[in-house]
Amino acid sequence: NEYCLQERIIQQAMQIISVAHYPTRISLIDFFMGYSTESSKEIFDAIVDEETNPYLSYFKEYVINKLVKNKPDLVGISLTAMSQVIPGFTLADIIKQNLHDIKIVIGGVIPNHLSKKIKAQPKLFSLFDYLIKGEGETPLYKLCESIEGVISIDAVPNLIYFEKNAIY
């Protein structure tokens with residue numbers, strides 16, 4: 001079966017990537033780096049760990065070039081599993097370091113579930129500009145309107161953001 005063959009090829013490639021970035025393990029259903037996604041300090045350590053973070057070089061070499069080419073005003077990162085926290089924040093950090101004009105919004109099950117913990121760690125807001133809590137379609141649309149200057153940021157529902165040393 002062609003599908004099974006392609007799946008085995010992808011799994012083998014992920015095993016090779018895992019070996020090259022040991023102790024990192026990457027698979028079709030999970031990602032583990034050896035850093036805790038429950039600790040903001042460990043998240044910040046993981047997102048710059050050139051040796052064990054397999055996403056760093058890919059994001060730097062390919063994704064940033066695509067973003068430069070397309071020039072978006074806003075990038076959304078959806079985190080639906082704890083194993084996506086480090087890859088998602090790695091991407092956010094690289095965007096923040098290289099493309100200062102792009103705003104970043106995070107959302108999904110994980111930011112929603114951890115919003116109180118995230119609000120207690122203002123340093124995390126150095127990785128993104130906005131967090132949408134709960135249902136995201138309308139808030140994302142309203143956030144785009146706010147970025148375009150059509151409405152005030154205060155009119156965006158379910159939005160958490162850091163401004164003037166305070167979290168709103």
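The values are calculated or read from the model by the stated rules, or taken from the named source; none is laboratory data. All values reported here derive from a predicted model rather than from experimental measurement. As a convention, Cβ positions derive from the backbone with ideal geometry for all residues, glycine included, and neighbour counts pool all protein chains shown. Just so you know, the surface numbers come from the protein's heavy atoms only, side chains and all, with ligands and any DNA or RNA stripped out. Shrake-Rupley method; radii C 1.70, N 1.55, O 1.52, S 1.80 Å.
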**Q.** Which numbered condition Gly108 fails, given (1) free of Cβ contacts under 8 Å to residues at least 24 places away in the same chain; (2) on the phi > 0 side of the Ramachandran plot; (3) not basic (Lys, Arg)
**A.** (1)
Q) Would you pick out the residues in the range 124-167 that are within 15 Å of Leu114 (Cα to Cα), more than 16 Å from the chain's Cα centre (by Cα) and at pLDDT 95 or above? A) Asn158, Leu159
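I'd like to know if the range 48-71 contains one or more residues that are touching a Lys or Arg at 6+ places or on another chain (Cβ under 9 Å), at pLDDT 95 or above and at negative phi.
no
Identify all residues within the range 106-126 that are under 19 Å from Lys164 (Cβ atoms) and in contact with a strand residue (DSSP E or B) (Cβ under 8 Å, 6 or more places away or on another chain); write none if there are none. Spell out the reasoning first.
Start the filter on the range 106-126 by keeping residues that are under 19 Å from Lys164 (Cβ atoms), which leaves 118-126.
Of everything in the range 106-126, those that are under 19 Å from Lys164 (Cβ atoms) and in contact with a strand residue (DSSP E or B) (Cβ under 8 Å, 6 or more places away or on another chain) turn out to be Ile118, Lys119, Pro122, Phe125.
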Q) Only one of Glu61, Glu50 is outside any helix (DSSP H, G or I) and farther than 20 Å from Ile167 by Cβ; which? A) Glu50
Q. For the range 113-145, how many residues are surrounded by 18 or more Cβ atoms within 10 Å (Cβ to Cβ) and either over 24 Å from Ile94 (Cβ atoms) or free of Cβ contacts under 8 Å to residues at least 24 places away in the same chain (or both)?
A. 4
Q) Right, Arg8: touching a strand residue (DSSP E or B) at 6+ places or on another chain (Cβ under 6 Å) and surrounded by fewer than 19 Cβ atoms within 10 Å (Cβ to Cβ) or not? A) no
**Q.** Count - residues of the range 1-47 that are in a helix (DSSP H, G or I) and closer than 19 Å to Asp93 by Cβ
**A.** 7
Q | Residue list for the range 143-162, filter: closer than 13 Å to Lys103 by Cβ and touching a Phe, Trp or Tyr at 6+ places or on another chain (Cβ under 9 Å) | A | Leu143, Ile153, Val156, Leu159, Tyr161, Phe162
Q) Does Ile86 fit the bill of being outside any helix (DSSP H, G or I), surrounded by 15 or more Cβ atoms within 10 Å (Cβ to Cβ) and modelled with pLDDT of 95 or more? A) no
Q. Say we look at the range 134-158 and pick out the residues that are touching a strand residue (DSSP E or B) at 6+ places or on another chain (Cβ under 6 Å) and not in a helix (DSSP H, G or I); which of these is nearest to Val85 (Cα to Cα)?
A. Gly136
Q.
On the basis of being without any contact (Cβ under 8 Å) to a residue 40 or more places away in the chain and aliphatic (A, V, I, L, M), does Leu67 make the cut?
A. yes
Q. So, of the residues in the range 90-105 that are open to solvent by 40 Å² or more (accessible area, probe 1.4 Å) and in contact with a strand residue (DSSP E or B) (Cβ under 8 Å, 6 or more places away or on another chain), which turns out to be nearest to Lys41 (Cα to Cα)?
A. Lys96
